[in-house]
Structures are given as C-alpha cells and as structure tokens.
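Input: a single structure, listed below in structure tokens.
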Amino acid sequence: MVLFYDETLDPSNLEFSFSREDSKHLVKVLRKKIGDQIIITNGKGLEWRGELTHVSPNLTFAKKIDSQQHQTTGVQIHLAIAPTKNNNRMEWLIEKLTELGVVSIRPLICDHSERKIIKVQRLEKIAIAALKQSQQFYLPKIHPLNSFSDFIESEIPNGFIAHCDSSPKELLTNCILNQNEVTLLIGPEGDFSPREIKLAEEAGLRSVSIGQQRFRTETAGLLACHTVFLLNQKK
C-alpha cells in the first residue's frame, strides 16, 4: 500500500485532507476511489490508516480507521559526515540512509572539505521520498551544516570516527557496542585532518577503520552505518 507523509499529522486526527499535489497523485496516478484505504505517517513513528471519503484532483479526504505508534528498535545511529563534492552522491546517500533507518544526519564542514554549501530542504525532500518508498515510519533528522569544531564541542553520544590516518585504530567490525545510541563521523574526500582526529578522540570518540581499501565518502558513510547495525544484532 502507498504511504503518504505529513509532518503535522496527529494520532487524534479523525479526518485528513490531502494537499492538492497528493490529491492529484491519488486520482490521476493511483486511480484511488471512495472507500479505498490509505496509510499516512508523520515521520515520527505514527501509522495512521484511513478510508477515502471524497476524491478529486483538487481535494481529497480520508476518515480515520485506526492508528498505531511504532517504537524505535535497535541501535540509534547519528551520522555526522562531510558533504560530498558531487552533490548527486550526497543525495544518493540521504536516500539510502533513510531506507536503512538512520536517526539523524549532520553535514560537517571539515578542514579538507570541498563542499561548504548544502540545501537542507532539498535533502529533506529526498529523505521524505525515500521514507514513502521504503515504507518507513521514522524520518531522519537532517541538521543544518555545522563546523567540525562546533559539533565536537556539543553534547554528542559516544561513538566512532572513521579515518585513514596511520595512527592506531580498531577495525569497526571488531568493536563491541555498549550502548544503543551511536555517533559515527565520516570525513571528506581528503579525510579528517590530524587536528580533527585529535579533537574527536579527546571528546571520547574511538578511532576506527572500516576496511583495508579507501572508500568514497558516501560509500564509507553507508558502510559504517550498516556495520553498526550488524554489530547491534550481535549484542
């Protein structure tokens, strides 16, 4: 069943009116009719089921059948990552991280960053599309661009910084998770600087490697998140 999204949706809503864009999609593309059932989420775990009571390309209504609040399960991953030089790769990453179930994504400006401007609203639209396509009920929080130093000085859950520096570090696949909330730091194409690695370690983050080869930033971000999900399953 097709999933719709509206951040303002509340479980107490007995009726829901679709936007003109969604109404047109329901009628022209999905060919929905009065009596058909639909599912809507607010991206915060809510699954709202309804039945269409009025259908037109300009305005469509649904009445509530029932709703449930899905609970988060497994490890909660917060990914802090330097935006890729190629914006299309960053958009691809947002899509895949949403499908995977990452809780939050924070773009970072690092010492070696080549991209220092992002369009958060554009990334949010991509995340919403991925949420609906993958039938997820939790939308990742995409934060505004932040400097590495400011991020490290903020209160963040313990976690890992992945880098290619020759300094001693663990292999992420061999790490043991002691908490259900994890921060992952992934650097730009030029990797984190020694200064940034030192700051992260002083803040309590553990230096790790995600493999013998070098990965593109977007590949490293996705691989690191997937690895942590797998580590959580072994707990």
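Every number here is computed from the coordinates shown, using simple stated rules; none is lab data. Nothing here was measured: the structure is a model prediction, and the numbers come from that model. All Cβ positions, even for glycine, are placed from backbone atoms using ideal geometry, and neighbour counts span all protein chains on display.
The table below lists the values:
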item: Local net charge near Thr84, Cβ-Cβ under 10 Å (Lys/Arg +1, Asp/Glu -1); result: 0
item: Positive minus negative residues near Leu185 (Lys, Arg vs Asp, Glu; Cβ under 12 Å); result: -1
item: DSSP beta bridge pairing in the chain, given as percent antiparallel to the nearest 5; result: 40
item: Dipole of the chain [Lys/Arg +1, Asp/Glu -1 at C-beta], most positive-end residue of Phe4, Ala80, Gln212; result: Phe4
item: Size of electric dipole in the chain: Cβ of Lys, Arg +1 and of Asp, Glu -1, about Cα centre, debye, nearest 20; result: 760
item: Cβ-placed point charges (K, R +1; D, E -1), dipole of the range 3-69 about Cα centre in debye, nearest 20; result: 340
item: Principal-axis tilt of helix 87-100 within the chain, Cα atoms, nearest 10 degrees; result: 70
item: Kirkwood hydrodynamic radius over Cα pairs of the chain, then Stokes diffusion coefficient at 20 °C and 1.002 mPa s, in µm²/s; result: 111
item: The range 115-129-the range 3-19 distance, computed between alpha-carbon centres (Å); result: 23
